[in-house]
Amino acid sequence: MRLLLKVKIIPKKIYNYSISRFFSSLGTELYDSKKGSFIDLSILDVLQIFGRAGRPQFDTNGQGIILTTHEKLQHYLSLLTRQNPIESQFVDHLTDNLNAEIVLGTVSNITEACSWLRYTYLNVRMHQSPITYGINAHMKIMDPNLNSFQRDLIIKAAQELDKAHMIRFEEKNEYLFATDLGRTA
């Protein structure tokens with residue numbers, strides 16, 4: 001299925017978007033209640049909305065229309081045409097996800113947690129773009145599989161969870177145990 005992209009420049013802000021049968025049309029701002037203001041749509045949101053243009057089972061193409069201000073036109077055009085890699089945000093939420101895996105019983109020690117981390121998109125991106133995740137060339141040469149770096153991430157997350165009483169982390173034998181507080185989180 002092909003996607004036709006049309007860009008319309010509008011003089012005022014558009015605060016909502018609509019999706020119809022044949023095309024996706026969107027304004028580039030939405031209201032963020034946490035910030036109490038309007039924010040720009042991320043490129044991931046734009047691509048998600050455009051991915052819904054047309055009906056793959058019936059149509060051979062779809063149209064996506066961005067309604068944006070002149071000031072933001074270049075921003076969205078460059079994002080849509082450059083094909084920048086999508087970086088993992090998982091490291092920012094590693095602690096919460098590790099807690100969930102411990103509570104589920106999927107992970108019960110540091111070794112299992114490191115193995116679990118190797119199955120994530122974060123692991124893929126760490127190997128493809130190590131500098132983005134704070135891994136310098138020397139670290140990559142010394143630890144090409146990044147096992148010690150990932151182990152340090154897991155231990156740090158486990159220590160944070162232990163400090164918050166979400167889990168019990170026995171550092172001596174590296175066991176991880178769920179607590180009642182961690183189960184309710």
**Study point:** Full-extension gain in nm, residue 30 to residue 168, via 0.36 nm per residue minus C-alpha separation
**Key:** 45.6 nm
Exercise for review: Go ahead and run the numbers for FRET between residue 86 and residue 37, Cβ-Cβ distance against an R0 of 25 Å, rounding to 0.05.
Suggested key: 0.50
Review point. Which whole-percent values make up P(r) of region 145-185 when all C-alpha to C-alpha distances are grouped in 10 Å steps starting at zero?
Key: 31, 49, 18, 2
Review point. Over the C-alpha atoms of region 39-185, what are the Rg and the largest Cα-to-Cα span, Dmax, in Å?
Key: 20.5, 60
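Just so you know, all these numbers are worked out from the coordinates, no wet-lab data involved. Just so it is clear, the model here is predicted, and its values are computed rather than measured. Virtual Cβ from ideal backbone geometry, glycine too; neighbours counted across all protein chains shown.
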